[in-house]
Amino acid sequence: MPMQRLSNKRVLLGVTGSIAAYKAADVIRRLREAGAEVRVVMTEGAKAFVTPLTFQALSGSPVHENLLDKEAEAAMGHIELARWADVILIAPASANSLTGLAHGRADELLHAVCLASDVPLAIAPAMNKHMWADPATQENVRLLAQRGVIFIGPDSGEQACGDVGEGRMIDSETIVARITELFSVGSLSGLTLLVTAGPTREALDPVRYLSNHSSGKMGYAIAEAAIEAGAKVILVSGPVALETPDRVTRINVESAADMEAAVKEQITAAEIFVSTAAVADYRPVNVQQEKIKKKENRITLELEKNTDILAMVKADYAKTFCVGFAAETQDLENYARAKLKQKNIEMIAANLVGSAATKTSGTFNSDLNELNVYWQGGETKLELGSKTKLARQLVALIAQRFSLHEINVQNENNVISLKQ
Ligand code: PMT
């Protein structure tokens, strides 16, 4: 019995009009062997090659065929199918289907489901080598790849029409392996994650400093969750009263400038940067060498801006997958989205702090948190829970977004090499 690496996963398999449609039978068999629940949507063209009954028998569920079927829409129409799926796989995908998808057509049930869905879409093209090489098809592939669609294959070799070249559907084993990879979420094995945590202290004189209420609990929970997920973890920590989690490399810092220097020193080793620290935005311009004496009734402190460490990492180490936090006392979404954009980062986790954060006792130093996570084109809410639980959920989300991000980078590189 193979390892059930797709258990609890729902794969919506789209089969389109290609001679390779019969090979979808083996894809279904392998997906089910891997533990996935499979539902099949067939286009009109696909039914000319294989009967729906074949796929119904293999998938164990009725095959979905028509967009405008009253009964189907009442039971499981395109919106429900889109919601049901964890991933949509189209294998084989004909040239016609690529056109429909690239141009957002909703003329077929399958295309309408893809439009209505925000889950990953993987495509295994299958067509004659000239059709594949045609600039119109290549333009569709480029458009889809730019939108994050995952291409699996095609393969090259002898084709059903007798030609030899690129365009054959890749073997079902490879297809299922790529789908499985997509779900290796929660897994950060082989990766290094750099996380900052806690407050910084900005010295005024040898005995006083400016700081904030961060306890480090959220950042330390992330370090621990990342270790559980298999990452190598470097924790750059402001002054906190917490034990270093097992197997974490901890670097202690005091000021924002110290934190900046430590992050710069470590960042090249990391693929992922999570900036949980409550870094002081400003520091005193003049740090007094001796203790400031109590004389005047009123004194003025002059402050200057610290480097935004997170923005610096994204600007100078563009390949790093950057996750920020936004601590806000109001208007959480707007401020968080603005930070996501300004800092040009991949993801931001926003939490309310202070008196507005009634459910989490202010969030600072609390064991509880709730997070709204935003990224370009998506968002999710991590409901009220312990920081330990939320850190695990956030790390799983980071792993998932990171692997999609890597696929996008690969796609972009492929598109560039196609152009060359
Ligand atoms: O430590 P705890 O008591 O558990 O509390 C957790 C927390 C509330 C501190 C944490 O969940 C959190 O929200 N951390 C971010 C705090 C913060 O500084 O937020 P911000 O909105 O001011 O900054 C936005 C982002 O820029 C953050 O990722 C921050 O780390 C980063 N930043 C800010 C200023 C600066 N000079 N350099 C930075 O890198």
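The values are calculated or read from the model by the stated rules, or taken from the named source; none is laboratory data. Keep in mind the model is a prediction, meaning the values are calculated, not measured. Backbone-built Cβ (ideal geometry, glycine too); neighbour counts: all protein chains shown. In case anyone asks, the SASA skips ligands and DNA or RNA and just uses the protein heavy atoms, side chains included. Shrake-Rupley method; radii C 1.70, N 1.55, O 1.52, S 1.80 Å.
The figures follow:
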quantity	calculated
With DNA, RNA and ligands ignored, accessible area of Ile292 (1.4 Å probe; Å², nearest 10)	60
Order of exposure, largest accessible area first, which applies to Phe49, Phe325 with probe 1.4 Å	Phe49, Phe325
Carbon/sulfur fraction of accessible area - the chain, other protein chains in place, 1.4 Å, %	48
Cα-based shape type of region 337-420, given that a ≥ b ≥ c are square roots of the gyration tensor eigenvalues and the cut on a/c is 1.5	prolate
Whole-number accessible area per residue in Å² for the chain, which is evaluated in the context of all protein chains at 1.4 Å	50
Spin-label model distance (nm) - Asn344 vs Arg5, 7 Å beyond Cα toward Cβ	3.5
Neighbour cut-off at most 14 other Cβ (10 Å), DSSP loop, trypsin sites (Lys or Arg not before Pro), region 307-383	Lys319, Lys359
Cα-Cα over 26 Å, subset of Lys319/Lys341; Lys305/Lys341; Lys232/Lys264; Lys314/Lys359; Lys217/Lys294	Lys314/Lys359; Lys217/Lys294
Label-point separation, Lys293 to Thr388 (7 Å along Cα→Cβ), nm	5.3
Antiparallel bridge percentage (DSSP; both residues within the chain; nearest 5)	35
Area of Thr180 that stays accessible when all protein chains are in place (1.4 Å probe, Å², to 10)	10
Solvent-accessible ranking of Thr358, Thr307, Thr276, largest area first, probe 1.4 Å	Thr358, Thr307, Thr276
Solvent exposure, largest accessible area first (probe 1.4 Å, DNA, RNA and ligands not counted), of Tyr22, Tyr282	Tyr22, Tyr282
Region 80-164: trypsin sites (Lys or Arg not before Pro) in DSSP coil with no more than 15 other Cβ atoms inside 10 Å	Arg105, Arg147
Over the chain, relative contact order from alpha-carbon pairs under 8 Å, at least 6 apart, %	12
